[in-house]
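**Student:** Have a look at this one before I ask anything.
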Amino acid sequence: MKLSPSLLSADFGRLAEEIRAVEPVSAYIHFDVMDGHFVPNLTFGPPVVNALRRYTSLPFDIHLMIEHPARYAPRFKVGPEDVITFHVEAGDPSEEAIRVIRGLGCRVGISLRPRTPLSAIEPYLDRVSWVLVMSVEPGFGGQKFMPEALERIRELREMIGGREITIAVDGGIKPGNVRAVVEAGAEVIVAGSAIFGVDDPRAAAEELIRAAHAR
């Protein structure tokens, strides 16, 4: 299991320090980019994400919860190890979003809301390298994990078959349920409120990792 701490729950006034705190135990840094249209919330955009590059060598896991991912994805500075994820329900055609993101030279991810059937992303699995399963409704941090996501993860794993696609899961994951999420097939865990907003984010991240591998 690899950890991608979500800065949605971090102190927005201390983002560089928050990244440094969790960097030693993380594989990615997760950015929830929201436009106030696709989801009813506003967060940070390309200027903030790009400015934080200088503070870490970790790959960026950029989750676009926006109506027009093809229009705005090129504004992010990305490299081969980064991933930009768009939603299949977004206003831009998925084929266009995939083409634009791939042209940036980074990994292409696709995501879907909890109640969108997995069949909606199946036509694109040969053209992406990352699927983000939402285990809460996208838009706000601190929500409760939807247990039905476990079956969706298992179904997705079967659907992927032998393709080299990373399964990431985002929403309400804490030490009490992370083991079940990993056993279902998740390879990357996105967690925000379980890590940030406490005195020692690194210790909270380490606790989550231990819980994921507990027997």
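**Student:** If we count every other residue with Cβ under 14 angstrom of Glu207's Cβ, Lys/Arg +1 and Asp/Glu -1, where does the sum land?
**Tutor:** +1
**Student:** Counting other Cβ atoms within 10 Å of each Cβ, which GluC sites (Glu not before Pro) in the range 129-215 have at most 13 and sit in a DSSP loop?
**Tutor:** Glu148, Glu164
**Student:** Search the structure for amide H atoms under 5 Å from the amide H of His87, placed 1.01 Å from N in the peptide plane, and list their residues when 5 or more places away or on another chain.
**Tutor:** Ile66, Ser111
**Student:** How large is ³J(HN,Hα), in whole Hz, for each residue of the range 121-126 in order, when computed from phi with the Karplus curve 6.51 cos²θ - 1.76 cosθ + 1.60 and θ = phi - 60°, using x for Gly and Pro?
**Tutor:** 9, 4, x, 10, 5, 6
**Student:** Additional query: Report ³J(HN,Hα) in whole Hz for each residue of the range 164-169, in order, from the Karplus equation J = 6.51 cos²θ - 1.76 cosθ + 1.60 where θ = phi - 60°; Gly and Pro get x.
**Tutor:** With the stated coefficients, the range 164-169 comes to 8, 10, 7, 9, 10, 10 Hz.
**Student:** Then there is this: Restricting to bridges with both residues inside the chain, how much of the DSSP beta-bridge set is antiparallel, in percent to the nearest 5?
**Tutor:** 5
**Student:** Note the full-extension length gain between Ser57 and Glu164 as 0.36 nm times their separation in residues minus their Cα-Cα distance, in nm to one decimal.
**Tutor:** Contour length minus Cα-Cα distance gives 36.1 nm.
Laboratory data are not the source of any read-out in this text; all were calculated from the coordinates shown. In this text the structure is predicted, and so the values were computed from the model without any measurement. Ideal geometry is used to build each Cβ from the backbone, glycine not excepted, and the neighbour counts take in all protein chains shown.
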